[in-house]
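Enquirer: Structure below; questions to follow.
The values are calculated or read from the model by the stated rules, or taken from the named source; none is laboratory data. This one's a predicted model, so the numbers in the text were calculated from it and none came from an experiment. So basically every Cβ, Gly included, is an ideal-geometry build from the backbone, and we count neighbours across all protein chains shown. To get the accessible areas, we keep the full protein, side chains included, count just its heavy atoms, and leave off ligands, DNA and RNA. Shrake-Rupley method; radii C 1.70, N 1.55, O 1.52, S 1.80 Å.
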Amino acid sequence: MARPLSAYDRALLELERDILRMGDHVEASVAKALEALKEQDVALARQVIEEDALTDDWNYDIEERALELISLQQPLDKDLRILATVMRVGRELERIGDYAVNIAEVALRLAGQGPYFKPLVDIPRMSELAQNMLRRSLESFVTRKVEIAKEVIASDDEVDRLFESLYDELVGYMKKGAQYVDQASYLALVARYLERVADHAVNIAEMVIFRETGVRRPGRAK
């Protein structure tokens, strides 16, 4: 028969649940920001920007509760790594939320400029890859499966390759003529933001590995 959960165990579980709720919200924000960009939807872009306050509040609340547990319980070893991971993942999600806002701001900027000079194909593909990395990193967080975290880290190479290819293409358009410069430069920013979303998903995966093994930054080891 399983032992009853202590108040400390229940507090940890609730923190992890809130991380997942925050992650769902942030992933949805990225998806809505991309939709606003593709459809030049001003109302949706503004919604993403307004809802960022919820992400900030979530991060602050999670950090405060984790710090309180550290202060009251003075955890060691694995328990301390768990709480450090919770705080770090909250910060990573908050930064991803900021990039969703950045994309929504670009959507607002470009909404009144007419059709895009080329169909948006690579940017939605980058968004799909980055969102999947985020989803999988949070899956590794909740299941404690290190192998999933390692897969997230490895998949970042594909996002980087796509970013470099798209960036070179957009620079090429800017060189063709002044009529492309404004849109192309803003779309290059969106590509950069998505590349950073993927990097933050990698950071989450690395923290999961740290929580489970004590190894820091496993994806950077040579």
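Enquirer: Please report, as a whole percent, how much of the solvent-accessible surface of segment 64-204 comes from carbon and sulfur atoms (probe radius 1.4 Å). Could you put the intermediate results ahead of the total?
Expert: Working: 3220 of 6620 Å².
The C+S portion of the solvent-accessible surface of segment 64-204 is 49 percent.
Enquirer: Can you show me the helix-derived [θ] at 222 nm for the chain, built from DSSP H runs with n ≥ 4 at -39,500 (n - 2.57) apiece and divided by the number of residues, rounded to the nearest 500.
Expert: Roughly -30500 deg cm²/dmol at 222 nm, from the helical runs in the chain.
Enquirer: Which FRET efficiency value, to the nearest 0.05, do you get for residue 154 and residue 17 by plugging their Cβ-Cβ distance into 1/(1 + (r/R0)^6) with R0 = 41 Å?
Expert: Step by step, r from the Cβ atoms, then E = 0.90.
Enquirer: Run the quick spin-label model on residue 56 and residue 38: label points 7 Å from Cα toward the beta carbon, then report their separation in nm to one decimal.
Expert: According to this spin-label approximation, the distance is 2.9 nm.
Enquirer: With each pseudo-label sitting 7 Å past Cα toward Cβ, what's the residue 185-residue 147 distance in nm, one decimal?
Expert: Taking the simple label geometry, residue 185 and residue 147 are separated by 4.9 nm.
Enquirer: Counting other Cβ atoms within 10 Å, which chymotrypsin sites (Phe, Trp or Tyr not before Pro) in segment 70-131 have at most 16 and lie in a DSSP loop?
Expert: 116, 117
Enquirer: Full extension from residue 111 to residue 9: what is 0.36 nm times the residue separation minus their Cα-Cα distance, to one decimal in nm?
Expert: Details: separation 102, 0.36 × 102 = 36.72 nm, distance 4.82 nm.
So the chain would gain 31.9 nm between residue 111 and residue 9.
Enquirer: Within the chain, what is the number of lysine pairs with alpha carbons under 26 Å apart, leaving out pairs fewer than eight places apart on the same chain?
Expert: Summing the qualifying lysine pairs gives 11.
Enquirer: Give me the distance in nm between label points sitting 7 Å out from Cα along the Cα-to-Cβ direction at residue 120 and residue 31, one decimal.
Expert: 1.6 nm
Enquirer: Further question on the same structure: If we sort 145-152, 7-14 on the protection proxy, mean other Cβ atoms within 10 Å, highest first, what's the order?
Expert: 145-152, 7-14
Enquirer: What number comes out for accessible area per residue over segment 1-153 if the probe is 1.4 Å? Units Å², please.
Expert: Averaged over the residues of segment 1-153, the accessible area is 50 Å².
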